[in-house]
């Protein structure tokens, strides 16, 4: 197959599956880009801002970098229910958008907001109460336990705000309105950067609060994001407009519809968090310097993830909408378009990771040992990036169809089992240290791509009804 045919829409769908006119490559890629580009801008800006924040914390020393890094996976555990809920929200709203049932789409949003707020209250109370035990469990040592516990406790106070923002953003993505979510998240994260700048080192009459200042900045930015998200639903011409006159009573049929998809995603998130938490714990046990190096290298991994996730958001919406229009052939096409786009992006990221690795890691630390370790990890990452970007888009396509049960099973096998077990074997059994943990990512991501892409091309997901 030639390169031209590989990227042509005419060759993405089998003749036996075609149910109508197939758009030209130019039109189809344009449609995908129209939805994906704001999401890519949104996700990458968030990633850059996170890197900038990490760089500012990095000036406080490796203990501070490690302390902030230790918070990541425990925080994600408490946000797992939000992620699961929002997978259901995006899938249901996208399907109703395709069916041109605006009333049901708006009802889905209202129900999701009620559920999200209830979950947010519970998770906030639990996270704030369990901050220190969670940090011990995450592998915090004597030099990071106080800093990490404080950072976790403060940022967890905003979980209810995060829930509201994430739920509304998920619904907006379902209708393809990614510009709104871009504005919401960029505004919030610009505020995050501003307060990081003022509160970490003490500028513009603010006290120097160090790591706690970084946590307060995260909390303030969460409030700003929630305000912008709610405002997006109050506009007169908003497709998902909400008002006080709307019914805010629980609607059991709609909740069941969301739970049908989100319920399986709960297991996916559980497997993800168990796997990532165990993996982070293995690395944390190697020592503060190793964990700081890992956290710095992961900034590049997060950047590649955001590019792919931005494209996956577009494929999730387009797959769901076209299934609602009874055009599974177009769902196939848009899934493959997203995968092709993600792979092209990964090529440029690989080049940057190889050639710019020392410059990149030096933004976060001046410690020569940590720079050397982190730069070495980025060479391993170069082999991971093309695999990672493709599997992320394939997973997004399956979620858009509602095939979340299979995605959850895939995460159980690859993230919860393969990654931590192979890490243990390579790190301790083979004595490969931190590098062994990163080789385990290659096994995890490679198997994930095989399983998700195989499921996608078989097409069983086109038969799912919502």
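Numbers at a glance
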read-out	value
The stretch 393-423, subset within 15 Å of residue 334 (Cβ to Cβ) and within 16 Å of the chain's Cα centre (by Cα), residue modelled with the lowest pLDDT	400
Conditions (1) under 30 Å from residue 263 (Cα atoms); (2) in contact with a helix residue (DSSP H, G or I) (Cβ under 8 Å, 6 or more places away or on another chain): number failed by residue 357	(1)
Given (1) without any contact (Cβ under 8 Å) to a residue 40 or more places away in the chain; (2) in contact with a helix residue (DSSP H, G or I) (Cβ under 7 Å, 6 or more places away or on another chain); (3) closer than 27 Å to residue 112 by Cα, index of the condition residue 243 fails	(2)
Hits in the stretch 246-279 (condition: free of Cβ contacts under 8 Å to residues at least 12 places away in the same chain and outside any helix (DSSP H, G or I))	249
Qualifying residue in the stretch 160-183 (condition: surrounded by 18 or more Cβ atoms within 10 Å (Cβ to Cβ), within 22 Å of the chain's Cα centre (by Cα) and over 30 Å from residue 323 (Cβ atoms))	yes
Members of the stretch 196-215 that are buried (at least 21 other Cβ atoms within 10 Å of the Cβ) and either free of Cβ contacts under 8 Å to residues at least 60 places away in the same chain or touching a strand residue (DSSP E or B) at 6+ places or on another chain (Cβ under 9 Å) (or both)	199, 213
Filter pass, residue 351 being in contact (Cβ under 8 Å) with a residue 24 or more places away in the chain and part of a helix (DSSP H, G or I)	no
Among the residues listed as 211, 193, the single one being more than 23 Å from the chain's Cα centre (by Cα), in a helix (DSSP H, G or I) and modelled with pLDDT under 85	211
Condition met for residue 186 (at pLDDT 85 or above, within 28 Å of residue 258 (Cβ to Cβ), in contact with a helix residue (DSSP H, G or I) (Cβ under 7 Å, 6 or more places away or on another chain) and surrounded by fewer than 23 Cβ atoms within 10 Å (Cβ to Cβ))	no
Selection status of residue 289, surrounded by fewer than 24 Cβ atoms within 10 Å (Cβ to Cβ) and over 30 Å from residue 428 (Cα atoms)	no
Extreme residue, modelled with the lowest pLDDT, among residues of the stretch 7-37 that are loosely packed, with under 12 Cβ neighbours inside 10 Å and outside any helix (DSSP H, G or I)	20
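The values are calculated or read from the model by the stated rules, or taken from the named source; none is laboratory data. Model, not experiment: these values are computed from the prediction. Please note: Cβ atoms are built from the backbone with ideal geometry, for glycine as well, and neighbour counts cover all protein chains shown.
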